[in-house]
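No lab work stands behind these numbers, since they all come straight from the coordinates. What you are looking at is a predicted structure, and each value in this text was computed from that prediction instead of being measured. All Cβ positions, glycine included, derive from the backbone under ideal geometry; neighbour counts span all protein chains shown.
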């Protein structure tokens, strides 16, 4: 799992995200499906491509290992409460985004002060998030108020 995290997010991400003592949940076919610590889910392995989706707790563990602005989408303060409740982040509210983000990447939605608001899947590339004035930028999976 650490190797997958290092591949997906960069060197050092696996150790930060999955400390010693993690537990695993398995699918009916015997493959790792969930990674947990203390009964809380950190990440899920997507069956289709083997990449990780993050829980809010997992994103909190990963953030210090990723040098800003890596995998971050910064949103306007006026929508922090809305996105924190698990609602999608719209392109018109994005004020900054990592230019390396590609559509489908797992991303961290943060405030300008780099406080985690939510985690989800990018619907647009980082450059498109800034260029577009409409549509969904991030399909939010978990907000801080929905964990």
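As a length-normalised measure over Cα pairs under 8 Å and 6 or more apart, the relative contact order of segment 68-143 settles at 38 percent. Taking other C-beta atoms within 10 angstrom as a stand-in for reagent exposure, 119, 53 fall in the order 53, 119, fewest first. Here the gap between residue 26 and residue 46, fully extended at 0.36 nm per residue and compared with their Cα-Cα distance, gives a gain of 6.0 nm. Quick one: among 54, 108, 124, which has the greatest mean-square fluctuation in a GNM of the chain with alpha-carbon springs under 10 angstrom? Among 54, 108, 124, the largest mean-square fluctuation in the Gaussian network model of the chain belongs to 124. Pairs of Cα atoms nearer than 8 Å and 6+ residues apart set the relative contact order; for the chain it is 20 percent. Only alpha carbons enter this Debye calculation for segment 81-147, each as an equal point scatterer, and the log10 of I(q)/I(0) it gives at q = 0.19, 0.26 Å⁻¹ is -0.61, -1.15.
Working note: Debye formula, equal point scatterers on the alpha-carbon atoms of the chain, no solvent; log10 I(q)/I(0) at q = 0.18 Å⁻¹ is -0.99. Projecting the alpha carbon convex hull of segment 2-64 along each direction and taking the average yields 4.1 nm².
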